[in-house]
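A.B. asks: This structure is in C-alpha coordinates; I'll ask about it shortly.
The values are calculated or read from the model by the stated rules, or taken from the named source; none is laboratory data. Model, not experiment: these values are computed from the prediction. We place every Cβ from the backbone using ideal geometry, glycine too, and count neighbours over all the protein chains shown. When the accessible area is computed, the model is the full protein with side chains, heavy atoms only, and any ligands, DNA or RNA have been set aside. Shrake-Rupley method; radii C 1.70, N 1.55, O 1.52, S 1.80 Å.
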Amino acid sequence: MIAIIDYGVGNLKNVRHVFKLLEIPAQVTRDPEVIRAADAIVLPGVGAFRDAIKNLKKYELIDLLKEQANSGKPFLGICLGMQVLFDKSYEDGEWEGLGLIEGEIVRFEDVPKIPHMGWNTLIKKNDSPIANGIGADSYVYFVHSYHAVAKNPEDVVFATEYGTKFPAVVQSGNILGMQFHPEKSAEVGMQLLKNFKEMIG
Amino acid sequence: MLAKRIIPCLDVNHGRVVKGKKFKSIQDVADPVELARRYSLEGADELVFYDITASSEGREIFLDTVERVAEHVRIPFTIGGGIRTPDDFRKVLLAGADKVSVNTAAVLNPTLISEAAGIYGSQCVVLSIDAKNQGDHWEVFINGGRTPTGIDVVEWAKQGEALGAGEICLNAIDADGVKTGYALGITKAVSQAVRLPIIASGGAGEMVHFADVLEAGADAALAASVFHYEQIPIPTLKNYLRSRGLIIR
(Lines give C-alpha, C1' and ligand atoms only; values in the text may rest on other atoms or scores of the structure.)
Protein backbone atom coordinates (compact mmCIF):
# COMPACT_ATOMS: atom_id res chain seq x y z
CA MET A 1 0.00 0.00 0.00
CA ILE A 2 1.15 3.52 -0.85
CA ALA A 3 0.56 6.31 1.65
CA ILE A 4 -0.29 9.53 -0.20
CA ILE A 5 0.49 12.21 2.36
CA ASP A 6 -2.45 14.52 3.05
CA TYR A 7 -1.13 17.79 4.45
CA GLY A 8 -3.69 20.20 3.13
CA VAL A 9 -1.69 21.31 0.09
CA GLY A 10 -3.51 20.84 -3.20
CA ASN A 11 -5.83 18.27 -4.57
CA LEU A 12 -4.85 14.66 -4.04
CA LYS A 13 -7.67 13.12 -6.00
CA ASN A 14 -5.85 12.92 -9.33
CA VAL A 15 -2.76 11.41 -7.71
CA ARG A 16 -4.87 8.82 -5.91
CA HIS A 17 -6.80 8.07 -9.07
CA VAL A 18 -3.74 7.39 -11.18
CA PHE A 19 -2.46 4.82 -8.69
CA LYS A 20 -5.86 3.18 -8.81
CA LEU A 21 -5.54 2.94 -12.61
CA LEU A 22 -2.16 1.27 -12.10
CA GLU A 23 -3.79 -1.14 -9.63
CA ILE A 24 -1.62 -0.02 -6.73
CA PRO A 25 -3.53 0.20 -3.44
CA ALA A 26 -3.12 3.75 -2.15
CA GLN A 27 -4.49 5.62 0.80
CA VAL A 28 -4.67 9.38 1.30
CA THR A 29 -3.61 9.85 4.90
CA ARG A 30 -1.73 11.77 7.59
CA ASP A 31 -2.12 9.00 10.17
CA PRO A 32 1.36 7.98 11.49
CA GLU A 33 0.27 4.34 11.89
CA VAL A 34 -0.88 4.10 8.28
CA ILE A 35 2.23 5.91 7.03
CA ARG A 36 4.56 3.59 8.96
CA ALA A 37 2.71 0.53 7.66
CA ALA A 38 2.89 1.69 4.03
CA ASP A 39 5.24 0.08 1.48
CA ALA A 40 5.93 3.43 -0.14
CA ILE A 41 5.33 7.14 0.43
CA VAL A 42 4.07 9.69 -2.07
CA LEU A 43 4.33 13.36 -1.16
CA PRO A 44 2.28 15.48 -3.59
CA GLY A 45 1.68 19.22 -3.38
CA VAL A 46 1.01 22.44 -5.24
CA GLY A 47 1.28 26.05 -4.09
CA ALA A 48 3.88 27.82 -1.97
CA PHE A 49 6.91 26.16 -0.32
CA ARG A 50 6.33 28.08 2.92
CA ASP A 51 2.75 26.78 3.22
CA ALA A 52 3.88 23.22 2.53
CA ILE A 53 6.49 23.31 5.30
CA LYS A 54 4.10 25.10 7.64
CA ASN A 55 1.47 22.39 7.12
CA LEU A 56 3.96 19.53 7.44
CA LYS A 57 4.93 21.03 10.81
CA LYS A 58 1.30 21.58 11.81
CA TYR A 59 0.47 17.92 11.22
CA GLU A 60 3.75 16.81 12.89
CA LEU A 61 4.90 15.09 9.71
CA ILE A 62 8.46 16.42 9.37
CA ASP A 63 10.24 13.93 11.64
CA LEU A 64 7.95 11.11 10.58
CA LEU A 65 8.69 11.68 6.89
CA LYS A 66 12.44 11.86 7.56
CA GLU A 67 12.23 8.61 9.55
CA GLN A 68 10.27 6.97 6.71
CA ALA A 69 12.75 8.21 4.11
CA ASN A 70 15.62 6.75 6.15
CA SER A 71 13.79 3.43 6.49
CA GLY A 72 14.63 2.73 2.85
CA LYS A 73 11.11 2.46 1.47
CA PRO A 74 10.46 4.12 -1.92
CA PHE A 75 9.57 7.77 -1.34
CA LEU A 76 8.31 9.95 -4.21
CA GLY A 77 7.81 13.72 -4.07
CA ILE A 78 5.73 15.27 -6.85
CA CYS A 79 5.95 18.93 -7.95
CA LEU A 80 6.09 20.99 -4.73
CA GLY A 81 6.42 17.63 -2.95
CA MET A 82 9.71 17.19 -4.80
CA GLN A 83 10.91 20.66 -3.88
CA VAL A 84 10.43 20.09 -0.15
CA LEU A 85 12.79 17.08 -0.37
CA PHE A 86 15.68 19.52 -0.85
CA ASP A 87 17.68 21.38 1.83
CA LYS A 88 16.33 24.86 1.29
CA SER A 89 14.05 27.07 -0.82
CA TYR A 90 14.34 30.77 -1.65
CA GLU A 91 10.64 31.14 -2.52
CA ASP A 92 9.44 34.34 -0.75
CA GLY A 93 12.24 34.25 1.81
CA GLU A 94 14.39 31.37 2.91
CA TRP A 95 12.83 28.13 4.10
CA GLU A 96 14.32 24.89 5.31
CA GLY A 97 13.20 21.72 3.53
CA LEU A 98 13.38 18.06 4.54
CA GLY A 99 17.03 17.78 3.51
CA LEU A 100 16.61 14.36 1.88
CA ILE A 101 18.27 15.44 -1.37
CA GLU A 102 21.16 17.90 -1.38
CA GLY A 103 20.46 21.18 -3.13
CA GLU A 104 18.28 24.26 -3.21
CA ILE A 105 15.13 25.65 -4.82
CA VAL A 106 15.50 28.94 -6.71
CA ARG A 107 13.35 31.10 -8.99
CA PHE A 108 13.64 30.91 -12.77
CA GLU A 109 15.80 33.75 -14.09
CA ASP A 110 16.05 35.12 -17.62
CA VAL A 111 13.04 33.27 -19.00
CA PRO A 112 10.38 34.92 -21.15
CA LYS A 113 7.40 33.59 -19.17
CA ILE A 114 6.77 32.52 -15.58
CA PRO A 115 5.38 30.03 -14.58
CA HIS A 116 7.09 27.41 -16.72
CA MET A 117 3.78 25.95 -17.83
CA GLY A 118 3.15 23.19 -20.34
CA TRP A 119 4.80 20.18 -21.93
CA ASN A 120 8.57 19.97 -22.01
CA THR A 121 11.07 17.21 -22.76
CA LEU A 122 13.07 14.96 -20.46
CA ILE A 123 16.84 14.86 -21.05
CA LYS A 124 18.50 11.74 -19.64
CA LYS A 125 21.38 12.43 -17.27
CA ASN A 126 21.84 9.25 -15.24
CA ASP A 127 20.57 5.69 -15.45
CA SER A 128 17.90 4.53 -13.05
CA PRO A 129 15.09 1.96 -13.07
CA ILE A 130 12.71 4.95 -12.90
CA ALA A 131 13.80 5.78 -16.48
CA ASN A 132 12.84 2.39 -17.95
CA GLY A 133 10.89 2.70 -21.18
CA ILE A 134 11.20 6.48 -21.35
CA GLY A 135 12.44 7.36 -24.83
CA ALA A 136 14.38 10.40 -25.97
CA ASP A 137 12.27 13.55 -26.27
CA SER A 138 9.50 12.28 -24.01
CA TYR A 139 7.22 15.12 -22.96
CA VAL A 140 5.80 15.68 -19.48
CA TYR A 141 3.58 18.43 -18.06
CA PHE A 142 5.12 21.14 -15.86
CA VAL A 143 3.71 24.07 -13.94
CA HIS A 144 6.11 25.82 -11.57
CA SER A 145 7.95 29.11 -11.03
CA TYR A 146 10.86 27.76 -8.97
CA HIS A 147 13.22 24.92 -9.79
CA ALA A 148 15.76 22.74 -8.02
CA VAL A 149 19.52 23.07 -8.22
CA ALA A 150 20.94 19.69 -7.21
CA LYS A 151 24.30 19.71 -5.45
CA ASN A 152 25.23 16.27 -6.77
CA PRO A 153 24.92 15.84 -10.57
CA GLU A 154 24.54 12.08 -10.06
CA ASP A 155 21.19 12.67 -8.30
CA VAL A 156 19.66 14.03 -11.54
CA VAL A 157 18.02 11.25 -13.60
CA PHE A 158 16.35 13.60 -16.09
CA ALA A 159 16.88 17.30 -16.66
CA THR A 160 14.65 19.72 -18.58
CA GLU A 161 15.60 22.93 -20.32
CA TYR A 162 13.77 26.19 -19.71
CA GLY A 163 16.17 29.11 -19.68
CA THR A 164 18.49 26.83 -17.75
CA LYS A 165 18.81 23.06 -17.41
CA PHE A 166 17.14 22.05 -14.16
CA PRO A 167 16.38 18.67 -12.52
CA ALA A 168 13.07 17.15 -13.66
CA VAL A 169 13.54 13.75 -12.00
CA VAL A 170 15.92 13.35 -9.07
CA GLN A 171 16.89 10.25 -7.18
CA SER A 172 19.09 9.59 -4.19
CA GLY A 173 18.73 5.94 -3.27
CA ASN A 174 15.11 5.30 -2.30
CA ILE A 175 14.23 9.02 -2.48
CA LEU A 176 12.70 10.20 -5.76
CA GLY A 177 11.33 13.51 -6.95
CA MET A 178 9.46 14.61 -10.07
CA GLN A 179 9.10 18.33 -10.74
CA PHE A 180 6.33 17.81 -13.32
CA HIS A 181 2.94 16.14 -12.80
CA PRO A 182 3.25 12.46 -13.81
CA GLU A 183 -0.47 12.02 -13.07
CA LYS A 184 -1.20 14.59 -15.82
CA SER A 185 1.52 13.58 -18.28
CA ALA A 186 -0.41 11.09 -20.42
CA GLU A 187 1.44 7.84 -21.32
CA VAL A 188 4.89 9.06 -20.27
CA GLY A 189 3.63 9.90 -16.79
CA MET A 190 1.95 6.51 -16.52
CA GLN A 191 5.19 4.77 -17.52
CA LEU A 192 7.16 6.66 -14.86
CA LEU A 193 4.63 5.71 -12.20
CA LYS A 194 4.67 2.09 -13.41
CA ASN A 195 8.44 2.17 -12.90
CA PHE A 196 7.87 3.52 -9.39
CA LYS A 197 5.48 0.61 -8.83
CA GLU A 198 8.27 -1.80 -9.86
CA MET A 199 10.58 -0.20 -7.28
CA ILE A 200 8.02 -0.94 -4.58
CA GLY A 201 8.09 -4.58 -5.70
CA MET B 1 12.19 22.88 -25.18
CA LEU B 2 8.80 24.01 -23.97
CA ALA B 3 6.15 23.06 -26.53
CA LYS B 4 3.35 25.29 -27.82
CA ARG B 5 0.00 23.89 -26.72
CA ILE B 6 -3.14 22.98 -28.67
CA ILE B 7 -6.27 23.18 -26.54
CA PRO B 8 -9.74 22.02 -27.60
CA CYS B 9 -12.49 23.89 -25.78
CA LEU B 10 -15.74 22.19 -24.83
CA ASP B 11 -18.83 24.19 -23.89
CA VAL B 12 -20.97 22.04 -21.62
CA ASN B 13 -24.71 22.43 -21.12
CA HIS B 14 -26.59 19.88 -18.99
CA GLY B 15 -23.89 17.28 -19.47
CA ARG B 16 -23.52 17.73 -23.24
CA VAL B 17 -20.89 19.54 -25.31
CA VAL B 18 -22.22 22.42 -27.39
CA LYS B 19 -20.70 24.96 -29.74
CA GLY B 20 -22.15 28.46 -29.99
CA LYS B 21 -21.53 30.96 -32.74
CA LYS B 22 -20.83 34.50 -31.52
CA PHE B 23 -22.37 33.35 -28.22
CA LYS B 24 -25.69 32.57 -29.97
CA SER B 25 -27.31 29.62 -31.82
CA ILE B 26 -26.41 26.68 -29.65
CA GLN B 27 -26.04 23.18 -31.05
CA ASP B 28 -25.65 19.86 -29.26
CA VAL B 29 -22.69 17.80 -30.41
CA ALA B 30 -21.37 15.14 -28.04
CA ASP B 31 -20.72 13.53 -24.67
CA PRO B 32 -17.96 15.60 -23.02
CA VAL B 33 -16.10 12.65 -21.53
CA GLU B 34 -16.03 10.75 -24.82
CA LEU B 35 -14.87 13.82 -26.70
CA ALA B 36 -12.24 14.60 -24.05
CA ARG B 37 -10.85 11.08 -24.27
CA ARG B 38 -10.71 11.27 -28.03
CA TYR B 39 -8.87 14.60 -27.99
CA SER B 40 -6.46 13.36 -25.35
CA LEU B 41 -5.59 10.28 -27.43
CA GLU B 42 -5.22 12.40 -30.56
CA GLY B 43 -2.60 14.58 -28.85
CA ALA B 44 -4.48 17.53 -27.34
CA ASP B 45 -2.16 19.16 -24.79
CA GLU B 46 -4.86 20.40 -22.46
CA LEU B 47 -8.62 20.76 -22.42
CA VAL B 48 -10.94 23.57 -21.37
CA PHE B 49 -14.53 23.00 -20.25
CA TYR B 50 -16.94 25.90 -19.93
CA ASP B 51 -20.14 25.47 -17.98
CA ILE B 52 -22.73 27.41 -19.95
CA THR B 53 -25.71 26.38 -17.82
CA ALA B 54 -27.05 28.92 -15.39
CA SER B 55 -29.21 26.81 -13.06
CA SER B 56 -28.00 25.26 -9.82
CA GLU B 57 -29.31 21.91 -11.02
CA GLY B 58 -27.16 22.30 -14.15
CA ARG B 59 -24.19 23.05 -11.89
CA GLU B 60 -24.48 19.71 -10.12
CA ILE B 61 -24.59 17.89 -13.45
CA PHE B 62 -21.55 19.87 -14.56
CA LEU B 63 -19.53 18.96 -11.45
CA ASP B 64 -20.39 15.34 -12.12
CA THR B 65 -19.05 15.79 -15.66
CA VAL B 66 -15.82 17.29 -14.26
CA GLU B 67 -15.37 14.27 -11.98
CA ARG B 68 -15.88 11.86 -14.87
CA VAL B 69 -13.39 13.76 -17.01
CA ALA B 70 -10.79 13.66 -14.21
CA GLU B 71 -11.23 9.89 -13.99
CA HIS B 72 -10.81 9.26 -17.70
CA VAL B 73 -8.36 11.85 -18.97
CA ARG B 74 -4.65 12.00 -18.12
CA ILE B 75 -3.90 15.51 -19.39
CA PRO B 76 -4.51 18.80 -17.57
CA PHE B 77 -7.81 20.56 -17.91
CA THR B 78 -9.30 23.93 -17.02
CA ILE B 79 -12.82 24.67 -15.85
CA GLY B 80 -14.59 27.95 -16.53
CA GLY B 81 -18.06 29.43 -16.41
CA GLY B 82 -19.97 30.54 -13.35
CA ILE B 83 -16.90 30.87 -11.11
CA ARG B 84 -17.63 33.73 -8.69
CA THR B 85 -16.08 32.90 -5.34
CA PRO B 86 -13.09 31.05 -3.85
CA ASP B 87 -15.61 28.38 -2.85
CA ASP B 88 -16.48 27.88 -6.54
CA PHE B 89 -12.75 27.28 -7.12
CA ARG B 90 -12.71 24.75 -4.31
CA LYS B 91 -15.62 22.77 -5.74
CA VAL B 92 -14.19 22.36 -9.24
CA LEU B 93 -10.64 21.72 -7.99
CA LEU B 94 -11.96 19.03 -5.65
CA ALA B 95 -13.87 17.55 -8.59
CA GLY B 96 -10.49 17.11 -10.29
CA ALA B 97 -9.84 20.26 -12.35
CA ASP B 98 -6.24 21.47 -12.64
CA LYS B 99 -7.01 25.11 -13.38
CA VAL B 100 -9.99 27.41 -13.05
CA SER B 101 -10.76 30.30 -15.34
CA VAL B 102 -12.47 33.49 -14.23
CA ASN B 103 -13.89 36.21 -16.45
CA THR B 104 -16.87 38.41 -15.52
CA ALA B 105 -16.59 37.85 -11.76
CA ALA B 106 -12.91 38.89 -11.80
CA VAL B 107 -13.76 42.16 -13.56
CA LEU B 108 -16.54 42.91 -11.06
CA ASN B 109 -14.39 41.82 -8.11
CA PRO B 110 -10.65 41.73 -8.95
CA THR B 111 -9.76 40.50 -5.44
CA LEU B 112 -11.23 37.15 -6.51
CA ILE B 113 -7.96 36.63 -8.42
CA SER B 114 -5.72 37.41 -5.44
CA GLU B 115 -7.90 35.47 -3.01
CA ALA B 116 -7.98 32.36 -5.19
CA ALA B 117 -4.25 32.62 -5.95
CA GLY B 118 -3.55 32.97 -2.24
CA ILE B 119 -5.54 29.88 -1.30
CA TYR B 120 -5.01 27.56 -4.27
CA GLY B 121 -1.88 28.96 -5.94
CA SER B 122 -1.39 31.13 -9.02
CA GLN B 123 -0.82 28.04 -11.15
CA CYS B 124 -4.54 27.27 -11.13
CA VAL B 125 -5.89 30.79 -11.75
CA VAL B 126 -6.55 31.53 -15.43
CA LEU B 127 -7.75 35.03 -16.22
CA SER B 128 -10.05 34.76 -19.23
CA ILE B 129 -10.56 38.04 -21.08
CA ASP B 130 -13.25 38.67 -23.70
CA ALA B 131 -11.76 41.38 -25.92
CA LYS B 132 -13.42 43.51 -28.58
CA ASN B 133 -11.63 45.69 -31.12
CA GLN B 134 -12.68 49.34 -30.66
CA GLY B 135 -10.48 50.78 -33.36
CA ASP B 136 -7.65 52.42 -31.47
CA HIS B 137 -7.75 49.98 -28.54
CA TRP B 138 -9.25 46.70 -27.34
CA GLU B 139 -11.97 46.79 -24.69
CA VAL B 140 -12.82 44.16 -22.06
CA PHE B 141 -16.38 42.82 -22.34
CA ILE B 142 -18.19 40.75 -19.71
CA ASN B 143 -21.40 38.72 -19.36
CA GLY B 144 -20.60 36.42 -22.25
CA GLY B 145 -19.40 39.24 -24.47
CA ARG B 146 -22.56 41.33 -24.10
CA THR B 147 -21.51 44.10 -21.71
CA PRO B 148 -18.75 46.67 -22.36
CA THR B 149 -16.66 47.70 -19.34
CA GLY B 150 -14.55 50.62 -20.56
CA ILE B 151 -11.46 48.70 -19.40
CA ASP B 152 -8.47 48.40 -21.72
CA VAL B 153 -7.51 44.78 -22.43
CA VAL B 154 -3.73 45.25 -22.06
CA GLU B 155 -4.17 47.13 -18.78
CA TRP B 156 -6.51 44.45 -17.42
CA ALA B 157 -4.04 41.71 -18.36
CA LYS B 158 -1.28 43.56 -16.48
CA GLN B 159 -3.53 44.03 -13.46
CA GLY B 160 -4.46 40.33 -13.56
CA GLU B 161 -0.78 39.42 -13.50
CA ALA B 162 -0.16 41.74 -10.54
CA LEU B 163 -3.12 40.20 -8.68
CA GLY B 164 -1.68 36.72 -9.07
CA ALA B 165 -3.21 35.12 -12.16
CA GLY B 166 -1.02 32.32 -13.54
CA GLU B 167 -2.14 32.39 -17.16
CA ILE B 168 -4.25 34.52 -19.49
CA CYS B 169 -6.80 33.26 -21.99
CA LEU B 170 -7.48 35.99 -24.51
CA ASN B 171 -10.69 35.57 -26.47
CA ALA B 172 -11.32 37.94 -29.37
CA ILE B 173 -15.11 38.03 -29.45
CA ASP B 174 -15.36 39.44 -32.99
CA ALA B 175 -13.30 36.51 -34.23
CA ASP B 176 -15.14 33.86 -32.18
CA GLY B 177 -16.94 31.35 -34.40
CA VAL B 178 -16.23 33.14 -37.70
CA LYS B 179 -13.07 31.20 -38.60
CA THR B 180 -11.10 34.02 -40.19
CA GLY B 181 -8.07 33.69 -37.93
CA TYR B 182 -7.02 34.66 -34.42
CA ALA B 183 -6.62 38.34 -33.48
CA LEU B 184 -2.84 38.53 -33.88
CA GLY B 185 -2.25 42.16 -32.90
CA ILE B 186 -3.86 42.07 -29.48
CA THR B 187 -2.41 38.62 -28.76
CA LYS B 188 1.06 39.99 -29.46
CA ALA B 189 0.40 43.14 -27.42
CA VAL B 190 -0.78 41.19 -24.35
CA SER B 191 2.02 38.64 -24.72
CA GLN B 192 4.58 41.45 -24.62
CA ALA B 193 2.86 43.32 -21.76
CA VAL B 194 2.85 40.44 -19.28
CA ARG B 195 5.21 37.58 -18.44
CA LEU B 196 2.38 35.05 -18.09
CA PRO B 197 1.63 32.29 -20.59
CA ILE B 198 -1.05 33.38 -23.10
CA ILE B 199 -3.76 31.19 -24.59
CA ALA B 200 -5.21 32.67 -27.79
CA SER B 201 -8.89 31.97 -28.38
CA GLY B 202 -11.40 32.78 -31.09
CA GLY B 203 -11.11 32.66 -34.86
CA ALA B 204 -9.48 29.34 -35.71
CA GLY B 205 -10.67 28.11 -39.09
CA GLU B 206 -7.58 26.77 -40.85
CA MET B 207 -4.29 25.25 -39.76
CA VAL B 208 -2.37 28.35 -40.82
CA HIS B 209 -4.31 30.37 -38.21
CA PHE B 210 -2.82 28.26 -35.41
CA ALA B 211 0.70 28.72 -36.76
CA ASP B 212 0.21 32.47 -37.15
CA VAL B 213 -0.96 33.08 -33.58
CA LEU B 214 1.66 30.79 -32.01
CA GLU B 215 4.33 32.64 -33.97
CA ALA B 216 2.80 35.96 -32.86
CA GLY B 217 3.59 35.12 -29.23
CA ALA B 218 0.75 32.94 -27.95
CA ASP B 219 1.91 29.97 -25.87
CA ALA B 220 -1.24 28.00 -26.65
CA ALA B 221 -4.05 28.11 -29.18
CA LEU B 222 -7.59 27.21 -28.21
CA ALA B 223 -10.35 26.19 -30.62
CA ALA B 224 -13.66 24.39 -30.55
CA SER B 225 -15.70 23.77 -33.69
CA VAL B 226 -12.80 22.92 -36.04
CA PHE B 227 -12.07 20.04 -33.67
CA HIS B 228 -15.66 19.11 -32.80
CA TYR B 229 -16.68 18.82 -36.45
CA GLU B 230 -13.37 17.13 -37.36
CA GLN B 231 -12.49 19.81 -39.88
CA ILE B 232 -8.94 19.84 -38.52
CA PRO B 233 -7.73 16.57 -36.99
CA ILE B 234 -5.30 17.30 -34.12
CA PRO B 235 -2.53 14.94 -35.39
CA THR B 236 -2.64 16.61 -38.83
CA LEU B 237 -2.53 20.05 -37.21
CA LYS B 238 0.42 19.14 -35.01
CA ASN B 239 2.39 17.72 -37.95
CA TYR B 240 1.72 20.90 -39.88
CA LEU B 241 2.87 23.10 -36.95
CA ARG B 242 6.07 21.04 -36.64
CA SER B 243 6.70 21.56 -40.35
CA ARG B 244 6.41 25.29 -39.70
CA GLY B 245 9.26 24.97 -37.22
CA LEU B 246 7.20 25.25 -34.03
CA ILE B 247 8.01 23.11 -30.99
CA ILE B 248 5.06 20.74 -30.62
CA ARG B 249 4.63 17.70 -28.39
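A.B. asks: From the phi of every residue in segment B:75-81, what ³J(HN,Hα) in whole Hz does the Karplus formula 6.51 cos²θ - 1.76 cosθ + 1.60 yield, where θ is phi - 60° and glycine or proline is x?
C.D. replies: So the J values, rounded to whole Hz, are 10, x, 9, 10, 10, x, x.
A.B. asks: Let me ask something else about it. Hey, in the GNM for chain B with a 10 angstrom Cα cutoff, which one of B:Q134, B:Q159, B:Q123 fluctuates hardest?
C.D. replies: Sorting by GNM fluctuation, first place goes to B:Q134.
A.B. asks: Specify which residue in the list A:L85, A:A131, A:L65 is farthest towards the positive end of the charge dipole of segment A:33-151, using unit charges on the beta carbon of Lys, Arg (+1) and Asp, Glu (-1), about the Cα centre.
C.D. replies: Projecting each Cα onto the dipole axis, the largest value belongs to A:A131.
A.B. asks: Something else about it: If I take every Cα pair under 8 Å that is 6 or more residues apart in segment A:1-97, average their sequence separation and divide by the length, what percent do I get for the relative contact order?
C.D. replies: Relative CO of segment A:1-97 lands at 29 percent.
A.B. asks: Using a Gaussian network model of chain A with C-alpha springs under 10 Å, which one of A:D87, A:D39, A:D31 is most mobile by mean-square fluctuation?
C.D. replies: A:D31
A.B. asks: Express the accessible area of segment A:1-46 per residue in Å², computed with a 1.4 Å probe while the remaining protein chains stay in the model.
C.D. replies: Normalised by residue count, the accessible surface of segment A:1-46 is 41 Å².
A.B. asks: With unit charges on the beta carbons (Lys and Arg positive, Asp and Glu negative) and the dipole taken about the Cα centre of the protein assembly as shown, which residue among B:A221, B:T187, B:L241 sits farthest to the positive side?
C.D. replies: The one lying farthest along the dipole's positive direction is B:L241.
A.B. asks: Please report the antiparallel percentage of the DSSP beta bridges confined to chain B, to the nearest 5. Spell out each step's value before the answer.
C.D. replies: Values: 13 of 45 bridges.
Within chain B, antiparallel bridges account for around 30 percent of the total.
A.B. asks: Can I ask one more? So how strong a dipole does segment A:71-172 carry about its Cα centre when Lys and Arg Cβ are +1 and Asp and Glu Cβ are -1, to the nearest 20 debye?
C.D. replies: It works out to roughly 320 debye.
A.B. asks: Rounded to the nearest 20 Debye, what is the dipole magnitude of the protein assembly as shown about its Cα centre when Lys and Arg each give +1 and Asp and Glu each give -1 at the C-beta? Intermediate results must be reported in sequence, preceding the final value.
C.D. replies: Details: 47 positive and 57 negative charges, 109 e Å.
In debye, rounded to 20, the protein assembly as shown gives about 520.
A.B. asks: Taking a virtual spin label 7 Å from the Cα of B:D64 along the C-beta vector, which residues in segment B:96-117 bring their backbone nitrogen under 17 Å of it?
C.D. replies: Residues B:96 fall inside that zone.
A.B. asks: Report relative contact order for chain A in percent, whole number only (criteria: Cα-Cα under 8 Å, sequence separation at least 6).
C.D. replies: Here the relative contact order equals 19 percent.
A.B. asks: Please report the relative contact order for segment B:161-249, taking Cα pairs under 8 Å with a sequence separation of at least 6, and give it as a percent rounded to a whole number.
C.D. replies: 26 percent
A.B. asks: Taking only DSSP H segments of four or more residues, each worth -39500 (n - 2.57), what value at 222 nm results for chain A once the sum is divided by all its residues, to the nearest 500 deg cm²/dmol?
C.D. replies: Values: 6 runs with 53 residues, N = 201.
Calculated at 222 nm, the ellipticity per residue is -7500 deg cm²/dmol.
A.B. asks: To the nearest Å, what is the center-to-center distance of segment A:1-70 and segment A:166-193, using C-alpha atoms only?
C.D. replies: Centre-to-centre (Cα) distance: 16 Å.
A.B. asks: Against the empirical 2.2 N^0.38 Å scaling, what ratio does the C-alpha Rg of segment A:133-186 come to?
C.D. replies: 1.11
A.B. asks: Additional query: Roughly how many debye, to the nearest 20, is the charge dipole of segment B:145-214 about its Cα centre, given +1 on each Lys and Arg Cβ, -1 on each Asp and Glu Cβ, and no other charges?
C.D. replies: The dipole magnitude comes to about 60 debye.
A.B. asks: Whole-Hz ³J(HN,Hα) for each residue in segment A:148-165, computed from phi via Karplus 6.51 cos²θ - 1.76 cosθ + 1.60 with θ = phi - 60°, x for glycine and proline: what do you get?
C.D. replies: My calculation for segment A:148-165 gives 7, 10, 7, 6, 9, x, 6, 7, 8, 7, 10, 10, 9, 9, 8, x, 9, 8 Hz in order.
A.B. asks: What value, in deg cm²/dmol to 500, does the helix sum -39500 (n - 2.57) over DSSP H runs of n ≥ 4 give at 222 nm once divided by the residues of chain B?
C.D. replies: When only DSSP H runs of four or more count, the value is -11000 deg cm²/dmol.
A.B. asks: If you don't mind, another one. So how much accessible surface do A and B hide from each other in total, probe 1.4 Å, in square angstrom to the nearest 100? Present the calculation step by step, with values, prior to reporting the outcome.
C.D. replies: Working: alone 9200 and 10690 Å², together 17340 Å².
Chain pair A/B: roughly 2600 Å² of buried accessible area.
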